[in-house]
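*Asks:* Before I ask anything, here is the structure I am working with.
The values are calculated or read from the model by the stated rules, or taken from the named source; none is laboratory data. All figures in this text were calculated on a predicted structure; none of them were measured in a lab. Here Cβ is always computed from backbone atoms with ideal geometry, including for glycine, and neighbour counts include all displayed protein chains.
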Amino acid sequence: MHYNHLANYLWQAVLATFFQLLILLGPGLALAFAMHLLAGFIADKACRVIGRNTFLMLFGWLGTIVHEGGHALFCVLFGHRIIAIKWFDLAGTDGSLGYVKHSCDRNSLYQRIGHFFIGIAPILLGTVVIYYASRYLLGPEVFATIRHNADSAMQVSKHSFAALAEAIGHNCLTILSVLFTRDNLSNWKFYVFLYLTFSVGSSITLSPQDIEGALSGFLTLIGVLLVFNVATNWLGIVPTRVIRGLSSSYSIFYVGMFLAILLNAVVAAVLLLLSVFCTSKTSHC
């Protein structure tokens, strides 16, 4: 009887861990994965349209610096020792445009968890750069509109997935109409914003090394959270409420990611059309 009670308690702790991770990281990881795929598509198509070196000299340098800067920043935040940094090297002999080599104390849980955030850091910092670019180049009202539309979409999502998809589609059109106004199209700041969004957004990709490091940190994070739930599960839903409150505190970050995805999707569509046009023109000749 005591064995069954203990097994049920542990199972509840496992379920609590799963739902807490889903609440805490689920939306961010889904958006990060979408940004990773989109950025890879943009870089590939842009290289085909204008050439790899031209693309990298025009846009890749800034995106690579932000990419490596994200790794370096989170190395500092999680106490990792930075061994070497290459910010941007077009003619790198190792084939990489940049890198951050770092080491940590394997006995430190905090530093081991840091591997997860260091691995996905280019997505985190890239999104922050795009968010502040929109805020200070276009004004806070743009971001306020996006956040309002995101909140309304979340309310609709309680009814059905189809309703959520419809709301997201409608809100995307609304956001684009807010961005591509006559005033913005005649304002030089808008084009600086587009340049930053494209340059940074096209470099928000994760290398196999980034993913491997993030996975090791993620497994450690799961273990720590599971132990936390085993120790506190007797409190009922209190720990999950704490996690829910924590996740709501950075909902603004999710909105920033959504803005980055939306704008880079527009760029991706334009590049796709240009690549098709270039291909058909070459075939015709």
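*Asks:* Please note which helices (runs of 4 or more DSSP H) are completely contained in the stretch 1-120 and include at least 1 residues that are touching a strand residue (DSSP E or B) at 6+ places or on another chain (Cβ under 9 Å) and surrounded by 14 or more Cβ atoms within 10 Å (Cβ to Cβ).
*Replies:* Once the helices (runs of 4 or more DSSP H) in the stretch 1-120 are filtered for at least 1 residues that are touching a strand residue (DSSP E or B) at 6+ places or on another chain (Cβ under 9 Å) and surrounded by 14 or more Cβ atoms within 10 Å (Cβ to Cβ), what remains is 61-77, 109-119.
*Asks:* Collect the residues in the stretch 77-119 that are under 20 Å from Leu219 (Cβ atoms) and free of Cβ contacts under 8 Å to residues at least 24 places away in the same chain, keeping them in residue-number order.
*Replies:* Hits for the stretch 77-119 are Ser103, Arg106, Asn107.
*Asks:* Inside the stretch 1-39, can you point out the residues that are at pLDDT below 70 and out of contact with any helix residue (DSSP H, G or I) (no Cβ under 9 Å at 6 or more places or on another chain)?
*Replies:* Matches in the stretch 1-39: Met1, His2, Tyr3, Asn4, His5, Leu6.
*Asks:* Between residues in the stretch 14-42 that are closer than 24 Å to Thr232 by Cβ and residues that are at pLDDT 75 or above, which pairs lie under 6 Å by C-beta distance while being six or more apart or on different chains?
*Replies:* Ala16/Asn229; Thr17/Leu225; Thr17/Leu226; Thr17/Asn229
*Asks:* Looking only at the stretch 176-194, which residues are touching a residue at least 60 places away in the same chain (Cβ under 8 Å) and surrounded by fewer than 20 Cβ atoms within 10 Å (Cβ to Cβ)?
*Replies:* The answer is Leu176, Leu194.
*Asks:* Please return the ranges of helices (runs of 4 or more DSSP H) entirely within the stretch 163-265 where 3 or more residues are modelled with pLDDT under 70.
*Replies:* Numbers: elements: 182-185, 188-201, 208-232, 238-249.
Passing ranges, in order: 238-249.
*Asks:* So Thr127 clears everything in (1) touching a residue at least 12 places away in the same chain (Cβ under 8 Å); (2) over 18 Å from Ala39 (Cα atoms); (3) assigned to a helix (DSSP H, G or I) except one condition, right? Which one?
*Replies:* Here Thr127 clears every test but (2).
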